[in-house]
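What follows is a single structure, written as structure tokens, with notes after it.
Read the figures in this text as sums done on the coordinates, not as results from a lab. Quantities reported herein were computed from a predicted structural model and do not represent experimental measurements. We place every Cβ from the backbone using ideal geometry, glycine too, and count neighbours over all the protein chains shown.
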Amino acid sequence: MGLTSANSALKPVQELLQNGVVPQNYIQQFQDDSQVGDYPLPLMDTPTIDFSLLLLSDPEELAKLRTALSSWGCFQLVNHGMTIKLLYEVREMSKQFFKLPLDEKEKYSSKGDSLEGYGNDNAIRQGNFNWNDKLHLQVHPEHRRQLEFWPEIPQHFRTTLHEYSVKTKEVSESLLKAMARSLKLEDNSFSELWGDDKEDIIHARFNFYPRCPSAKQVVGLNAHTDGSAITLLLQDKEVDGLQVLKDGQWFRVPIIPQALVIHVADQLEIASNGIFKSPVHKVVINPQYDRISIAMLPLPNPEKEIGPLKELITEERPQLFKRLKNYGEFYFKYMARLATMERQIDMVKINY
Ligand SMILES: O=C(O)CCC(=O)C(=O)O
Ligand SMILES: [Fe+2]
């Protein structure tokens, strides 16, 4: 990689348009029109799942959940108990952080090859770059927080993120139980895989997608699956852009302001022996409006070996994935494969 491209890879995307020209690294070679940002795509019509009914083990809601997890691999979760005020504050503080002057944000820049901090992933990408800046923070367990990456401006950032992390943990634990129940398994079947309650991990990824006059030529996040167990995504309340792939067709994910978009991620697809699907998704860019999103990513402790649950391995459904530790490391190592639309998780299949 030459000096210029290395520099523009590391420079925040937000700073790239000062001379009005999109750097070549960011220009995508789309194979067909349906890949382009404003192509009219159908809306994802997966059902909305009511968290309060899952807590009551409502049989219809559990059946809806199971269908959503094994078809789309994602759904919209409502009545999750997070207040409108909390969701408002999380979205607001994200917007305010990315609006800060560059030198203020750079106090929290990622160092070396650390995942945490402010910056973008483009330095580790081969192929075309993403029109996305991020702030990545590990929020759980609390004793592993690296507070030097946690913004002090806006003022309530740290306390609000703490509150949001605690709620995320509650919701994700209950969701994993409901997911197990939807397969007629013991409540703790998935969560036991994650390891000690104090050592399981949650990362937060704040995404910022600056508006771009050449929106049709760039991509916010290239097609990918998430490397966590599940993802709880808070989308921008006004600007859409998230798309999910199902049976070879892209669908737009509608905005439901009070909902969380829940994705099955790779480590849950592995644990469910492939019954639940980790969906390929991507983000397109808006020519007029900036977009934010906040992805909360619960995952097992990397020390813990994970693999398909014994109860889900049968003669009709033989073991699909290998057992392994530290899926995250593997996921990042093969990140570049995303450009070819191959999922990293397919490489840990027994018959790969
Ligand atoms: O911005 C979005 O809607 C999706 C973000 C996402 O896919 C991610 O952070 O992994
Ligand atoms: Fe994602």
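At a glance:
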| quantity | calculated |
| --- | --- |
| Amide H within-cut-off set for K246, under 5 Å, with H built and near neighbours excluded | F251 |
| Per-residue HN-Hα couplings for region 183-193 [Karplus 6.51, -1.76, 1.60; θ = phi - 60°; Hz; x = Gly/Pro] | 9, 6, 9, 4, 3, 8, 4, 7, 5, 4, 5 |
| Least to most buried among L234, L102, L53, L69 (fewest other Cβ within 10 Å first) | L102, L53, L234, L69 |
| Region 65-122 - charge dipole about Cα centre, Lys and Arg +1 at Cβ, Asp and Glu -1, debye rounded to 20 | 300 |
| Label point distance in nm, Y352-K325, each placed 7 Å from Cα along Cα→Cβ | 1.8 |
| Protection proxy ranking of 131-142, 311-322, 148-159 - average other beta-carbon atoms within 10 Å, highest first | 131-142, 148-159, 311-322 |
| DSSP beta bridge pairing in the chain, given as percent antiparallel to the nearest 5 | 90 |
| Dipole magnitude (debye, nearest 20) for the chain, charges at Cβ of Lys, Arg, Asp, Glu | 480 |
| Whichever lysines have a C-alpha closer than 23 Å to that of K105, once near sequence neighbours (fewer than 8 apart) are set aside | K11, K95, K134 |
| Sorted by Cβ density within 10 Å, fewest first, the residues K277, K310, K99 | K310, K99, K277 |
| Computed E for I153/T314 - FRET, C-beta separation, R0 56 angstrom, nearest 0.05 | 0.55 |
| HN-Hα J in Hz across region 288-295 - Karplus 6.51, -1.76, 1.60, θ = phi - 60°, x for Gly and Pro | 10, 10, 5, 10, 10, 7, 10, 9 |
| Rough spin-label spacing in nm, given labels placed 7 Å along Cα→Cβ, for E104 and Q258 | 3.2 |
| For V139, residues with placed amide H under 5 Å, excluding near neighbours | I202, H203, A204 |
| The chain: relative contact order as a whole-number percent, Cα under 8 Å and 6+ apart | 21 |
| Separation of the L56 and E170 label points, Cα + 7 Å toward Cβ, nm | 1.9 |
| Extension gain (nm, one decimal) between N188 and A63, 0.36 nm per residue minus Cα-Cα | 43.2 nm |
| Order of L232, L56 under a 10 Å beta carbon neighbour criterion, fewest first | L56, L232 |
| Segment E163-Y88, length gained on full extension (0.36 nm per residue, minus Cα span) | 25.7 nm |
| Efficiency of FRET between Q24 and Q288 - r from beta-carbon atoms, R0 22 angstrom, step 0.05 | 0.40 |
| Positive-end extreme of charge dipole, the chain - chosen from L233, M44, N122 (charges on Cβ) | N122 |
